[in-house]
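**Student:** This is the structure I have questions about; it appears just below.
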Amino acid sequence: MIDRLRGELTRRDFQIQGECHNLAHNRKSGNEGDRYFGLFQVSHGLRKGNDERATIIGLRNAHDKAFSAGICAGDSPFVCDNLIFSNEVTVSRKHTGDYDNLLQEVSSKIQEALGKVFGMWNKQDSRIDAYKNREISNSEANDLIIKAYQADALNVTQIPDVLNQWESSDHPEFWDRNVNSLYNAFTEVYKGNLGLRGGTNLVKRSDGLHSVFDPFAGLLSKEVVEVEAETVNA
């Protein structure tokens, strides 16, 4: 899967700037390396003029079928290396059928996902602009944090951490009192747990966070492109 992703990135003129990979074992079986999650920082000549954020490709698989093979994409601000996935690109393939069918369909899903990355850039740039233009008060920020918790964008123990980042961010770039600063308070807390479990959970948390912040920032016609692979029987 990693080789196929690298090959497709090269074919589409992406440049891989960095990679990190996580393996975990199945606690029940004791098998090492049953579960995998990887991140690829990439660049592309068509995303010119954007020196604020890097493009991140996430890849996952589980030999023990604990979760489907999948690929997603998102952004990471250069100023803080926070990571958030975009709900415009989420593609997965269930573990049904034989291994050759799996690899063939995963290759197709990789192509499909990377084809959507170009559209994701425009939507994500528009999202961040809308977040920056929406100023908020402390009481509104508190309300958004609770709504994000209800949307499963964070767990209850992380609420104080998000509040601390909102009130006194580690990065002066996010001291403005707007939705983007609160958004980065969340992503700052997220990056503290980017192991395999944290990485796979980040996709759902990102979706939950966008579902709360987008309407508040005036993005009422949010478009979500989520492609679930059809089950292929052996």
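Laboratory data are not the source of any read-out in this text; all were calculated from the coordinates shown. As the structure is a prediction and not an experimental result, all values here were calculated from the model. Glycine gets a Cβ as well: all are built from the backbone with ideal geometry, and neighbour counts include every protein chain shown.
**Student:** Treat every Asp and Glu Cβ in segment 132-216 as -1 and every Lys and Arg Cβ as +1, leave all other atoms uncharged, and give the resulting dipole magnitude about the Cα centre to the nearest 20 debye. Could the numbers behind the result be given before it?
**Tutor:** On the way: 8 positive and 12 negative charges, 60 e Å.
It comes to approximately 280 debye.
**Student:** Further question: Plugging the Kirkwood radius over Cα pairs into Stokes-Einstein for segment 132-216, at a temperature of 37 °C and a viscosity of 0.692 mPa s, what D comes out in µm²/s? Walk me through the intermediate numbers first.
**Tutor:** On the way: Rh = 12.7 Å.
The Stokes-Einstein estimate is 257 µm²/s.
**Student:** How high is the FRET efficiency between Asn142 and Gln17 when r is their beta carbon distance and R₀ equals 30 Å, given to the nearest 0.05? The partial results should precede the final answer.
**Tutor:** Values: r = 37 Å, r/R0 = 1.24.
For R0 = 30 Å, the calculated efficiency reads 0.20.
**Student:** Do you know the relative contact order of segment 132-216, to the nearest whole percent, from alpha carbon pairs under 8 angstrom that are 6+ apart?
**Tutor:** Details: 70 pairs, mean separation 34.8, N = 85.
Answer for segment 132-216 is 41 percent.
**Student:** Bin width 5 Å, origin at 0, all Cα-Cα pairs of segment 116-180: what percent of pairs per bin?
**Tutor:** Percent of pairs per bin, in order: 4, 16, 20, 22, 21, 12, 5, 1.
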